[in-house]
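Rule-based calculations on the coordinates, nothing more; no lab input. Small disclaimer: the values here were computed from a predicted structure and weren't measured. We place every Cβ from the backbone using ideal geometry, glycine too, and count neighbours over all the protein chains shown.
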Amino acid sequence: MKIAVLTDSSAYLTKEQQEKYQIDVLPIPIIWGKKVYHDLIDIGYEEFYQKLSVEKELPTTSQPSIGDLKQKLDKYVANGYTDVIVITLSSGISSYFSTVQSIAEEEDRIKVHPFDSKITCAGEADYAMLAGRLVQTGAGVDLIMHDLKDLQKTMDVRFMVDDLSHLKRTGRLSNAASFVGTLFKIKPILSMDVQAEGHISAIAKERQTKRAYKHIQTDFDNLTKNMPYPIQATVFDSLDPEQKQAWLDDYRAKFPKYQFDTSIIGPVVGVHVGQGTMAVIWCRDLNTYFDGKGQPIKGINSKEVVDPT
């Protein structure tokens with residue numbers, strides 16, 4: 001058995017992470033007028049938000065092309081891979097997962113295993129890195145898919161946007177109707193139902209950024225403090241590095257037992273949330289899926305406490 005791991009660019013894995021865990025990435029197209037950009041290939045992180053701030057015509061997104069996906073499968077087959085785990089952004093905001101499912105049913109040269117992340121950005125990256133690490137230890141597909149599903153049970157996200165109109169315009173906010181007439185008067189707290197449909201919805205409203213931040217941090221505290229496993233979290237932003245550092249410093253000070261990292265909201269997700277978005281995603285610490293020797297712990301589930309040391 002030889003297993004590949006493939007995800008899409010909305011995971012915003014760094015080049016170092018891709019290389020370390022041998023993860024392949026398909027870019028997601030951004031359609032801007034008559035031009036098509038590929039996420040972080042034809043348009044960069046800062047370049048995208050600068051363009052978004054001045055252009056009158058706003059962009060939309062598509063899913064990774066079927067042709068590009070089939071080219072990846074051709075490459076895997078040529079290199080002797082028997083299986084590929086395809087981790088997609090949430091089916092609640094994209095049709096890409098259903099496309100991968102259709103291809104999996106048709107493909108007979110290699111076994112395609114679609115996994116619906118029900119999230120995006122750093123959460124999707126966590127799945128990909130766990131899968132990559134498990135592959136490197138020699139784990140089989142059944143164990144990898146089991147652990148991905150288990151990790152999903154532990155994952156949650158909170159974020160706030162500067163301008164809700166982007167989510168409303170692109171149709172990615174499931175309860176947009178409840179905000180009619182109040183788009184510029186509130187600071188909504190948003191989440192994704194990672195254990196259900198993977199939709200984006202506003203779960204609370206605050207009048208000030210400080211109150212919204214406090215609300216998010218209180219949710220984080222309440223939802224993680226009684227978990228029977230260590231927590232890892234990622235703070236990430238759409239080109240607001242000062243606020244990201246402030247969040248990171250505060251979270252590390254208030255939750256010293258947790259592991260915190262940083263990432264970005266890159267162009268393809270930025271189309272839907274706009275600049276100035278701040279977010280935190282958390283889940284079970286990936287290290288707890290491995291023993292002290294770095295080998296996978298078989299049959300683990302999210303109710304177990306594991307000390308990898």
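Here are the numbers:
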{"read-out": "Helix-only [θ]222 nm of the chain, DSSP H runs n ≥ 4, -39500 (n - 2.57) each, per residue, nearest 500", "value": "-11000 deg cm²/dmol"}
{"read-out": "Simple Cβ-charge dipole of the chain, Lys/Arg +1 and Asp/Glu -1, about Cα centre, in debye nearest 20", "value": "720"}
{"read-out": "Antiparallel content of DSSP bridges confined to the chain, in %, to 5", "value": "55"}
{"read-out": "Pairwise label distance in nanometres, Gln50 with Lys75, each label 7 Å out on the Cα-Cβ vector", "value": "2.9"}
{"read-out": "Exceeding the 20 Å Cα-Cα cut-off - candidates Lys20/Lys153; Lys15/Lys254; Lys15/Lys257; Lys187/Lys244; Lys168/Lys205; Lys118/Lys210", "value": "Lys20/Lys153; Lys15/Lys254; Lys15/Lys257; Lys118/Lys210"}
{"read-out": "Relative contact order for the chain, counting Cα pairs under 8 Å that sit 6 or more residues apart, in percent", "value": "20"}
{"read-out": "Sites Lys205 and Lys293 - FRET efficiency at Förster radius 41 Å, r taken between beta-carbons, to 0.05", "value": "0.25"}
{"read-out": "Net charge dipole size for the range 3-153 [Lys, Arg +1 and Asp, Glu -1 on Cβ; Debye, nearest 20]", "value": "100"}
{"read-out": "C-alpha center-to-center spacing [the range 125-140, the range 1-75] in angstrom", "value": "21"}
{"read-out": "Residues in the range 153-171 that a label on Ile31 would reach, taking backbone N under 15 Å of a point 7 Å out along Cα→Cβ", "value": "170-171"}
